[in-house]
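Everything on this sheet refers to the single structure shown next.
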Amino acid sequence: MSDSSASEHMPSSAPQRAWRRRTASGHFDVEATTDDILRVAYIPASAPQHQSWSLAPAAMALRAADVTINDQGDHASLRTSALHVEMTSSVDEETLELVIARQDGSAVLASAIIRLAASGRPMWSSALADGEVIYGGGERTGPLNKRGRSMTFWTTDPLPNHGEQTGAMHQSVPFLIGLVDGKAYGIYFDITDRAEADIGKTQAGILAYTPESADLVAYLLAGPTLGDVLRQYTSLTGRMSMLPRWAFGNQQSRWSYMSADEVLSVASEFRKQSIPCDVIYLDIDYMDGYRVFTWNPERFADPAGLIQTLREQHMRLVTIIDPGVKVDIDYAVYQEGASKGYFARMADGAPFQGWVWPGLSCWGDFAQPDARTWWGDQHCGLLDAGVAGIWIDMNEPAQAGIFAPPSVKISHGETLPDDVLHGTSDDPITHARFHNAYGLEMAQATFDGLRRLRPDKRPFVLTRAATAGSQRYAIVWNGDSTSSWENLRLAMPLNLGVGLSGFPMTGGDVGGFWQNTTAELLVRWTQLGALLPFCRNHSAMGTERQEPWAFGEPYTRMCREAIERRYQLLPYLLTLAHEATVNGAPMVRPLSWIDPTHAESLACDDEFVLGDGLLVAPVLDEGATSREVLLPPGEWFAWGSSVAHPGNQRLTVPVTLDSVPLYVRAGTILPLAAVAQSTDGMTEQPLTLHVYLSAKNPSATAEMWLDDDHPLAEERGTFGVWRARAAWQGDDLTVTLERISGHLAWPYPGCSIALHLPDGWTATSLDSTDTLRGDTFTVLYNVARA
């Protein structure tokens, strides 16, 4: 909202969306962005108009349908169809207090206060209810519930060996979700400056947020479900675009595969071992002296030929790009960037020079629109060779002193100095203010470049650093984990928290990055990683190799089986990904997503549900022979079986190294594909609809999304949405499938049905075949006691 969009006092009869209260130093604003989203701001009189890097362009068009404001001076109220807000202001003390409730009377925030600190900067504090759970904040170690902890919002490359108390990490997202008495709300602080949040650590009942900015802008999201909060948040900051299908396959990386021959050897071994794989990554050593956008002329002499050979094996190649550009007068990227002023700079206008992999380097200035366009265009040579996607790294941004002279001391994760300038000369911004948005704007430059240069392909961008809004342009992974059981356990709540921070597509380095993994750890990490949205094995230079076959049998078989399960789930994963593009829902969800009133589910962060139907309880302890599994309320079938368990209980499940406890919720239809060696082969064999029904859950409905992988599939209609239904009544059971949207023809050669009923029941098909043709059919069964 601009300063001119609201007056100081507004009569209650005026059709206004916003209320403003002026103080000696500035003004407070309260505005209904939509009926269920409230914008609250303090803007100092001396500050320029608030600048947001994170809000999506579409957020500017959001409007509340019906707002009523009653302004009585120091006290005012605002109502929408979803919210009731009471506002009390003090001009002398320069404070604003809010009480926010839903129209059903349930509290969103019982008390929230914005006040000015002694420094003159604004501070936020709000009451935490007894038993309230707090999720979000981006990439964080420790438990999923962040109550009782503090957070620093500052994108950081943390030291290796992450632990429970590791602080700021790569993805810093000032968005928190509260869950109270089964109802959720959200707070999004639209600030990219460094900030601190104290979530009941210092004062048990207070959430305090203190930014280093002169202004403070917060959005309050009414919920009341977790899904509603993610929908509301991503209506502001945007949602991920649909990814190319191959992005959901298994992916393999290492720092580094040092030559084209080594890449082809790895690809060949995947096919020899019959382990599905879609992508191989190239880390920094494919470049010529670590110069971005180049190829090493000796070890990668024919990149187009390499990529063509990989494509013949149904594999793709993804290359890494860092923001640091080598200072080299004979290097075209440096020459052009320096001459056009596209690098971050010092106060005198000279490019800032620091140290990273190429040695002395400059950093792209992604605050400048023209610089973003220029950077995106630099990918042309990589794309012309056939590179399928781009992996961006070191974009917190972080320096690295490995090639710096001894006199230069650079600590791990050190960023650019606060006074380095970004943006145009007419509108400069210091690095202190732009730092958290740096990775976001590098991701935008890359995404827009790929879309512009190759408009018939969906962009794929993987980023290490991110903040609110980065999900519009890139997916994320957890950065450089360590090959340890502790880091495997940390990956569970960490990825759930990232998903609840607006990033549906997330995962970690399968096997761990730093240090040597073990056979058992690799198997367990593969079992987990294959069920997370993004699945990539990645390891550091100098460590023992950890490709899925690295330890021989029986571990190769176990890794293969875990990855094969992922390929079976591809139709389900693709549907969940499309759902995320529509409403921002994470693909992996905490158990509280199923029942937010269930106390044990609220406290559980070593299990998750993939979508709404598949519960995953990975084995996270070395040498485990059993696994305790919490089943939320409902009924749950053991994977692929007719063994049903009532929910709201804990099971002790025997496990072996090749098993991982999986449970399917009764009332679920799970579409499974036949195992293929790449996503290219996903539709070559019939699909199977696994139908899980019980007496208490006798019906199920599921929708499946599939498209032709074109970036304009929805606009062109080259997609299909198929709805499967199942209903069991008495002796009759009916399964139907029909296309309900789109024009894509049914891509599978047939469809089979696998019924899962509780032990003691049998179903006999009244049709002559178990494999059905076409995309519309009805199958009848007779159900009887065994």
Considering amide H positions built from the backbone, and no H for Pro or chain starts, which residues 5 or more places from A168, or on another chain, come under 5 Å of its amide H? T152
Compare the peptides 81-91, 136-146, 434-444 by average per-residue count of other Cβ atoms within 10 angstrom and give them in order, highest first. 434-444, 136-146, 81-91
How many nm separate the modelled label positions at T736 and Q165, each set 7 Å beyond the Cα in the direction of the Cβ? 6.1 nm
Dipole axis of the chain (+1 Lys, Arg; -1 Asp, Glu on Cβ), positive-most option in V266, I187, W722: W722
Can you list the lysines whose alpha carbon sits under 17 Å from that of K326, skipping same-chain ones fewer than 8 residues off? K340
Before anything else, pin down the relative contact order of the chain: Cα pairs under 8 Å, at least 6 apart, normalised by residue count, whole percent. 10 percent
Based on Cβ point charges of +1 for Lys and Arg and -1 for Asp and Glu, what charge dipole magnitude is obtained for the chain about its Cα centre, in debye rounded to the nearest 20? 820 debye
Tell me, what is the FRET efficiency for S265 and Q649 to the nearest 0.05, using R0 = 56 angstrom and their Cβ-Cβ distance as r? 0.70
J(HN,Hα) series, region 500-505, from Karplus relation 6.51 cos²θ - 1.76 cosθ + 1.60, nearest Hz, glycine and proline x: 6, 9, x, 10, x, 9
Per-residue ellipticity at 222 nm for the chain, helices alone: DSSP H runs ≥ 4 residues times -39500 (n - 2.57), over residue total, nearest 500 deg cm²/dmol? -5500 deg cm²/dmol
Roughly how many percent of the accessible protein surface of region 489-540 is carbon and sulfur, given a 1.4 Å probe and a whole-percent answer? 57 percent
Magnitude of the charge dipole, region 695-778, Cβ model with Lys/Arg +1 and Asp/Glu -1, debye to 20: 140 debye
Would you calculate the separation in nanometres between label points at D680 and T718, each defined as 7 Å from the Cα along the Cα-to-beta-carbon direction? 1.8 nm
Over the chain, give the accessible area per residue in Å² for a 1.4 Å probe, as an integer. 35 Å²
Roughly speaking, to the nearest percent, how much of region 163-279's 1.4 Å accessible area is carbon and sulfur? 48 percent
The extension gain from T88 to D104, computed as 0.36 nm times the residue separation minus the Cα-Cα distance, is 3.6 nm
Rounded to a whole %, the carbon-and-sulfur portion of the accessible area of region 700-780 at a 1.4 Å probe is 46 percent
First select every other residue whose beta carbon is under 11 angstrom from the beta carbon of V783; then total the charges, Lys and Arg +1, Asp and Glu -1. -1
Apply the membrane-span-like helix rule to the chain: whole DSSP H runs, Cα extent along the own long axis of at least 24 Å, mean Kyte-Doolittle hydropathy at least -1.0. List the helices found. 431-453
Tell me the label only: which of (i) 1.03; (ii) 0.97; (iii) 1.10 is Rg/Rh (Cα atoms, Kirkwood Rh) as calculated from this structure? (ii)
Quick calc: nm separation of the 7 Å Cα→Cβ label points for D370 and A624 -> 5.6 nm
Cβ-Cβ cut-off under 10 Å around Y663, Lys and Arg +1, Asp and Glu -1: the net charge is -1
Rounded to the nearest 0.05, what FRET efficiency do R452 and D427 give with R0 = 35 Å and r taken as the Cβ-Cβ distance? Could you check? 0.90
Count the net charge of all other residues whose Cβ sits under 11 Å from the Cβ of S81, scoring Lys and Arg as +1 and Asp and Glu as -1. -1
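The values are calculated or read from the model by the stated rules, or taken from the named source; none is laboratory data. Source: prediction; values computed, not measured. Cβ atoms come from the backbone with ideal geometry, glycine included; neighbour counts cover every protein chain shown. Ligands, DNA and RNA are stripped out before the accessible areas are found, and what is left, the full protein with its side chains, is counted by its heavy atoms. Shrake-Rupley method; radii C 1.70, N 1.55, O 1.52, S 1.80 Å.
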